[in-house]
Amino acid sequence: MRARCQPVTLAFLVIAGLLLGACAQLVQAPAPSLPTAEATPVVEGRLTEVGTPRHETLILDHLDGRVDNPTQFNPYMSGTRFNQGYHQLALSNMWEMNTVTGQQFPAMAAEMPEPLNEDYTKFRIKLRQGMYWSDGVEITSDDFAYTVDMILNTPEFGYSGFLKQVVKSYKVIDRYTIELETLRPEPRLGYTLGVTVWGDAFRLVPKHVFEKAENPATFNFYPPVSSGPYVLKDVDPNGYWFLWEKRQDWQRTDAGMIAGEPKPKYILVRFYGPEEKRVIAGIQHDLDIFTDITPESWDILRQKNPYAKAWYDHFPWANLDDPCERGIAFVIPNSPYEKKEVRWALALATDIQKVSLATFAGMLRVSPLATPPIHILQETYHKPLRPWLIDFAFEDGYKPFDPDFAVKMAKTLRDQGIEGIPTDEQEIIDLFGVGWWKYDPEKAAQLLESVGFKRGADGKWLLPDGTPWRMTINAPANFEVQSQRLAYAVADVWRQFGIDVNVQAMEAGTFWSSWSNGTFDAGSYWPGCGVAPDIYDNMVSAWHKKYIVPIGQPAPGNAVRYESDTLSAILDELSFLTSDDPKTVELMREFMKAWVAELPWLPMFGTSKFVPVDTYYWTNFPDANNYYEGPWWWWSLFKYMVPKFEPTGRR
């Protein structure tokens, strides 16, 4: 196909120059690796670079970039990747999440777990009948039992430590029924072993395949046998693309039974490289669904491709309801971040408006709490706790909260000539958030000096032992662009405050290994997630002290290794409540108050996802006017969205 790289308006001249250069490289460079030779049928219309008919192929952007271990599909091995289509298309979970309603629904399970006692320690779990693995073997209780045993008996799996704290025993009742006994009350067993946000680690494996492996801890499971509606057809050995093909028996999967037939025969998950190449691919109709681009690239894309659509058709364009918020996390046992005064000093040394503008041109909603500022959680936690945040004070009486952030940000953007900014204060708060911490470098300095910090002759901060305070912030490289930009923006404002800050951009594998093992000082991570008002499952995995392991070992939870008796005690009390118990939200608000007082990490913004689509070949994607799901292409629930996509007929 002829490339469509043409000059653009003066307003985007600099970016366009980069795009044009990258475009030439993209057009001239060969694909990383073509699929193995097969007889290619004669078809009408374009072919993709991997030889499939374009009009039958949906092309997804790969959130994580290149995969350095493209033939590793054992879902329990450390380092296995899932966003390359694996958990979106080929795996299923017991229970899934509808993010519009905030309600779970049975997926591989036939119904929600049935409690068999008042203590919520015994459950009946029924599998959906008629499901088959992609190799033709029926999915039964034996697969469930084998998976549980394999995980419990394989300590090399990081998830083994978690499951050992949940499962006491099980009994196979019949071909589709299991009774499970837990070690502790599990009134939310669907949350514990099912999806609440991105996906869930508990995934059935085929017994008839894994039992033949010499050692499940080192078994790559390649090619994977699928329980979802697609199978892996081919993979780039260099990890740039993964081609999935619709199963002929898609009806024999939970997704097929629940959502119907997916229209695309093929789904190609492709990493084109840096953002400019991804945008060019979109302009050329070689990329149907993006996962993350910047506001500047969206401006280019929408001007060059009339078929491109964003979540909104006006400011802020992006979807602001991604269920994980972004900020800077620390490994708490590492000095000096174990000191609460240091964490609060860093908060007050942060000019949050400046960080917002530098990160995403102000298209961000702030969050002072441990749970993201998505609409439903704004209404459940952020807005109800705003009066408490305004009154919250340190022991010396200082009140750190700034409730006027949203109003000030709205004025700044209006002054820049941005159109579509609301004028009603409540609507402004809905858009930009309830407020954040004051920018007060003087108070920040006072807090540091109270725990022994001093400024050197050059004005930079010295640790209590007299050595320079140096900090490295881990940041994603070529993926998760908001977190990447946030790291650099925060580093700039902290340098101005006098800290020697460096940003370390990392590929996905090392970025997440560092997180799990706790081998970093600071990082642009996102431990604060939640979808429904009951966020117990998200908070307990992030903050309960029982999940703390030594630095250097993969953490089953609480990766920042923050030990708090207060927070853990509230979570223990919550563990006995059901999701619909009115005390659940009430007690969780008390958890939020205790959490703010200790401030174990610095959440800053909800995630604004620029996830545009190209409607040239495919249409009926969700957006603000067609909100049947959020734009979470990289989540496990994607398989239930695909059947709604429609071909346009263009070839």
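The values are calculated or read from the model by the stated rules, or taken from the named source; none is laboratory data. Small disclaimer: the values here were computed from a predicted structure and weren't measured. Virtual Cβ from ideal backbone geometry, glycine too; neighbours counted across all protein chains shown. Protein only, heavy atoms only, side chains kept; ligands, DNA and RNA dropped before computing areas. Shrake-Rupley method; radii C 1.70, N 1.55, O 1.52, S 1.80 Å.
Of note:
- Flag for ARG302 being touching a His at 6+ places or on another chain (Cβ under 7 Å) and not aromatic (Phe, Trp, Tyr): no
- Residues being among the β-branched types (Val, Ile, Thr), modelled with pLDDT of 95 or more and not in a strand (DSSP E or B) - total across the stretch 197-251: 4
- Inter-residue pairs, beta-carbon under 9 Å, first touching a residue at least 24 places away in the same chain (Cβ under 8 Å) and of a type in the set (Asp, Glu) and in the stretch 600-625, second in a loop (DSSP other than H, G, I, E, B) and open to solvent by 10 Å² or more (accessible area, probe 1.4 Å), 6+ apart: ASP614/ASP286; ASP614/TYR307; ASP623/ALA310; ASP623/TRP311; ASP623/TYR312; ASP623/ASP313
- Residue in the stretch 484-497 that is farther than 28 Å from SER297 by Cα, touching a Phe, Trp or Tyr at 6+ places or on another chain (Cβ under 9 Å) and in contact (Cβ under 8 Å) with a residue 12 or more places away in the chain present: yes
- Close pairs from the stretch 288-305: first among the hydroxyl-bearing types (Ser, Thr, Tyr), partner assigned to a helix (DSSP H, G or I), Cβ under 7 Å, at least 6 apart: THR294/GLU275; THR294/VAL481; SER297/GLU275; SER297/VAL279
Quick grid of which residues meet (1) assigned to a loop (DSSP other than H, G, I, E, B); (2) β-branched (Val, Ile, Thr); (3) under 31 Å from the mean Cα position of the chain (by Cα):
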position: VAL100; (1), (2), (3): yes, yes, yes
position: MET112; (1), (2), (3): yes, no, yes
position: GLU118; (1), (2), (3): yes, no, no
position: LYS126; (1), (2), (3): no, no, yes
position: ASP142; (1), (2), (3): no, no, no
position: ALA145; (1), (2), (3): no, no, yes
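- Within the stretch 385-430, the set of residues being open to solvent by 50 Å² or more (accessible area, probe 1.4 Å) and aliphatic (A, V, I, L, M) comprises ILE390, VAL407, ILE418.
- Hits in the stretch 504-557 (condition: of a type in the set (A, V, I, L, M) and either at pLDDT 90 or above or on the phi > 0 side of the Ramachandran plot (or both)): ALA505, MET506, ALA522, ILE535, MET539, VAL540, ALA542, ILE548, VAL549, ILE551
- When ASP286 is tested against the conditions (1) closer than 22 Å to ARG365 by Cα; (2) part of a loop (DSSP other than H, G, I, E, B); (3) open to solvent by 10 Å² or more (accessible area, probe 1.4 Å); (4) of a type outside the set (Gly, Ala, Ser), the lone failure is (1).
- Taken over the stretch 81-110, the criterion of being open to solvent by 10 Å² or more (accessible area, probe 1.4 Å) and not aliphatic (A, V, I, L, M) is satisfied by ARG81, PHE82, ASN83, ASN98, THR99, THR101, GLN103, GLN104, PHE105, PRO106.
- Only one of the listed residues (THR140, THR121, THR154, THR192) is of a type in the set (Val, Ile, Thr), within 21 Å of THR253 (Cβ to Cβ) and open to solvent by less than 40 Å² (accessible area, probe 1.4 Å). That residue is THR140.
- The stretch 555-574: number of residues that are surrounded by fewer than 16 Cβ atoms within 10 Å (Cβ to Cβ) and among the polar types (S, T, N, Q): 1
- Filtering ILE473, ILE418 for residues that are under 31 Å from the mean Cα position of the chain (by Cα) and closer than 30 Å to ALA393 by Cα leaves a single hit, ILE473.
- Among the candidates LYS212, LYS207, LYS246, the residue that is of a type outside the set (A, V, I, L, M), farther than 24 Å from MET150 by Cα and open to solvent by 30 Å² or more (accessible area, probe 1.4 Å) is uniquely LYS246.
- Within the set ASP288, ASP321, the sole residue that is under 28 Å from GLU646 (Cβ atoms), touching an Asp or Glu at 6+ places or on another chain (Cβ under 7 Å) and among the charged types (D, E, K, R) turns out to be ASP288.
Matching residues to (1) assigned to a helix (DSSP H, G or I); (2) crowded, with 24+ Cβ neighbours inside 10 Å:
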{"position": "PRO336", "(1), (2)": "no, no"}
{"position": "TRP344", "(1), (2)": "yes, no"}
{"position": "SER356", "(1), (2)": "yes, yes"}
{"position": "ALA370", "(1), (2)": "no, yes"}
{"position": "GLU379", "(1), (2)": "yes, no"}
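- The set of residues in the stretch 613-651 being among the small types (Gly, Ala, Ser) and open to solvent by less than 10 Å² (accessible area, probe 1.4 Å) consists of GLY630, SER636.
- Residue within the stretch 101-121 that is among the hydroxyl-bearing types (Ser, Thr, Tyr) and without any contact (Cβ under 8 Å) to a residue 60 or more places away in the chain present: yes
- Among the residues of the stretch 125-137, the one identified as under 14 Å from GLU179 (Cα atoms) and open to solvent by 10 Å² or more (accessible area, probe 1.4 Å) is LYS126.
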